[in-house]
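See below for the structure under consideration.
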Amino acid sequence: MSRKKRLDVVVVGAGFAGMYALHKLRSRGLKVLVYEAGSGVGGTWYWNRYPGARCDVNSLEYSYQFSEELQQEWNWSERYSPQPEILAYANHVADRFDLIKDIQFDTKITKLNFNEDKRLWFGLTEQGEKFCAQFCIMATGCLSKHNIPNFEGIDNFQGELLHTGQWPHQPINFSGKKVGIIGTGSSAIQSIPIIAKDAAQLTVFQRTATFSIPAYNAPMDRGYEQQIKSNYKEFRAHNSQRYAALNNNPSHLSAMEVSEEEREAIYEERWLEGGLPFLASFNDLGINEEANATAIDFIHRKIKSAVDDPDIAELLCPKTVIGCKRLCVDTNYYKTFNLENVVLKNLNRSPIQRITDKGLKTKDAEYEFDILILATGFDAMTGALLAIDIRGRSNKTLSEHWKDGPANYLGLSMNRFPNLFMITGPGSPSVLANMMVGIEQHVDFIADLLSFMQNKDKLQVEANADAEENWVRLVNRIADQTLFSKGCNSWYTGANIPGKPKIFMPYLGYPSYVEKCNEIAADGYRGFEFF
Ligand code: NA7
């Protein structure tokens, strides 16, 4: 066991949040160390290496803005960046800002306990290394604790069992293989068309059909890139005023106030533009069920025109509200089901009973596979935090504090957990805004809060209980005004994990969130208690 390390700030996770936290806080003269479970930087882009993994946000927006030189000098090769390029970018940033020397890789944190007498967090790693720090920054990611459903017999499978969120580093050869994939969320939708090209047979097990919009990914338009880069600051500032901090050209029209022809033309135009901006076709798709139904109808017709077999097309048509589960962005997803080697199975009609040594058994049939892929998602937003034994004041555990859902203030801080901050935690815009933008805003807010404490000679800060309660109520009140909090079992609400408290976690509306953060800071960090 090594000697205990004494730090000002310990950061957990070396994804984009942890990397920027390290850079920012180190530049303020603090002694910072990042612990990272993986062997490299990049977080979600380090782990999610499945075929076709790609960002669903435009490359020119899914990148840091804290360094003008960095954003000018880095060139993305495609409209939507593939995972290897985003990982290369993360490594470039780590080298450029000399981050590696303060990151300890291959190290999982198992315990974090707050010592009230010493006013320090004491931590333990899986390898038994101890450390203490005044502040803890949990940059553990929203989609980092992968979800392996409790399938009976899962350990019996003799073939290759893979999870999209824990993909091996070496290439997987699908050629001539019989492959099964469980799940049809974003990870499956991106990987299915690519796996189908090589596999002898691909069987897709679907529980809930998902809406997907074509990406129309293409090589970066250098003219457009130049245009953005010539005024990058303004472009970023403009986007931060958008609901999800994305350049999605939101419409000011209601889907119900235009003629049917006009509506169809607008949807068609958005469809051809591709990607997530489809949801901004009209201003009421997220709040009016009738308006939402018009978008559903449009996409159903697109699916039916793409898929030859009407029964398969019907099965691929989602029956939920559009936007309730995360909208997917694909390349050739629906058309892949026209290939002879691709089969779609309806788990609602015939659920999985168990995994066998050769494949899996559903209520009606038995399947044999060489490779079985779990594209079954994540214990999102809270999973990675609850995987660590975190104990705050009075030995209160995080799991106790969150037994009815993730109580928090601004998605950043929690009552009874002094000097511990989350980046893009539950209660912040997080996954429903451009993550890179949210990350920088959070880290900047925390850095300013720490400076405020230094100036006031304060050693300890935490959210007060009332502020926390009111914040959670506000997050839910906002979500309840939309269609996104109800009507489907989404990971936004924790409903994808059996037994998890069901509560809508992301704060909807990036600009209003930032406005609140700024007001609170200007008001002496209202809602926080200092000691
Ligand atoms: P998602 O979007 O959570 O998708 C997981 C898929 O796995 C989804 O289709 C689930 O069906 C299915 N699933 C989960 N558990 C089971 C069980 N027990 N049986 C059958 N099917 C199951 O995860 P992704 O990795 O695809 O995407 C996560 C995010 O990453 C994505 O939103 C982007 O932001 C990037 P269900 O819908 O629950 O019926």
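The values are calculated or read from the model by the stated rules, or taken from the named source; none is laboratory data. In this text the structure is predicted, and so the values were computed from the model without any measurement. All Cβ positions, glycine included, derive from the backbone under ideal geometry; neighbour counts span all protein chains shown. Please note that ligands, DNA and RNA were not included when accessible areas were found on the heavy atoms of the full protein model with its side chains. Shrake-Rupley method; radii C 1.70, N 1.55, O 1.52, S 1.80 Å.
With everything on Cα atoms, drop me the angle between helix 510-522 and the longest principal axis of the chain, reported from 0 to 90° to the nearest 10. Result, in degrees: 10. Take the Cα of residue 515, go 7 Å toward its beta carbon, and the backbone nitrogen atoms of segment 235-250 under 15 Å from that spot belong to 240-245.
To the nearest 10, the accessible area of residue 386 is 70 Å² with a 1.4 Å probe.
Protection proxy ranking of 6-16, 58-68, 303-313, 484-494, by the mean of other Cβ atoms within 10 Å over each peptide's residues and highest first, is 6-16, 484-494, 58-68, 303-313.
Rounded if a/c is under 1.5, else prolate if a/b is larger than b/c, else oblate: which is the chain, with a ≥ b ≥ c the root eigenvalues of its Cα gyration tensor? Prolate shape, in that a/c is at least 1.5 and a/b is the bigger ratio.
Principal-axis analysis of the Cα atoms of the chain puts helix 435-455 at an angle of about 10° to the longest axis. Per residue, the solvent-accessible area of the chain (1.4 Å probe, heavy atoms of protein chains only, all protein chains present) comes to 42 Å².
Per-residue 3J(HN,Hα) values for segment 192-207, derived from phi via the Karplus relation 6.51 cos²θ - 1.76 cosθ + 1.60 with θ = phi - 60°, read 3, x, 7, 4, 4, 5, 9, 5, 5, 8, 10, 10, 9, 9, 10, 9 Hz in sequence order (x marks Gly and Pro).
Considering only 252, 320, 394, the residue lying farthest towards the positive end of the dipole of the chain is 394, judged by Cα position with unit charges set on Cβ. Unpaired cysteine residues in the chain (no second Cys Cβ under 4.7 Å): 55, 132, 136, 142, 317, 328, 517. Here segment 154-374 carries DSSP beta bridges of which approximately 25% are antiparallel, counting only pairs with both residues inside. Per residue, the convex hull spanned by the Cα atoms of segment 154-374 amounts to 157 cubic angstrom. Helix 16-27 and the long axis of the chain differ in direction by around 20°, with both axes built from C-alpha atoms. Each residue of segment 471-481 is assigned a 3J(HN,Hα), and the resulting list reads 5, 4, 4, 5, 4, 6, 5, 5, 5, 5, 7 Hz, derived from the Karplus form 6.51 cos²θ - 1.76 cosθ + 1.60 (θ = phi - 60°), x at Gly and Pro.
Entry note, the chain: the mean residue ellipticity at 222 nm calculated from DSSP H runs of n ≥ 4, each adding -39500 (n - 2.57), is -9000 deg cm²/dmol after division by the residues and rounding to the nearest 500. In terms of packing, defined here as the mean over residues of other Cβ atoms within 10 angstrom, the peptides 165-176, 283-294 line up highest first as 283-294, 165-176. Once backbone amide H atoms are built at 1.01 Å from N, residue 110 has 124, 125, 126 as its partners under 5 Å, excluding neighbours fewer than 5 places away on the same chain. Backbone amide hydrogens, once placed in the peptide plane, bring residue 104 within less than 5 Å of 34, 35, 36, excluding anything fewer than 5 places away on its chain. Rolling a 1.4 Å probe over the protein heavy atoms of the chain, with every protein chain left in place, gives an accessible area that is 47 percent carbon and sulfur. Distance from the alpha carbon centroid of segment 210-266 to that of segment 290-320 works out to 23 angstrom.
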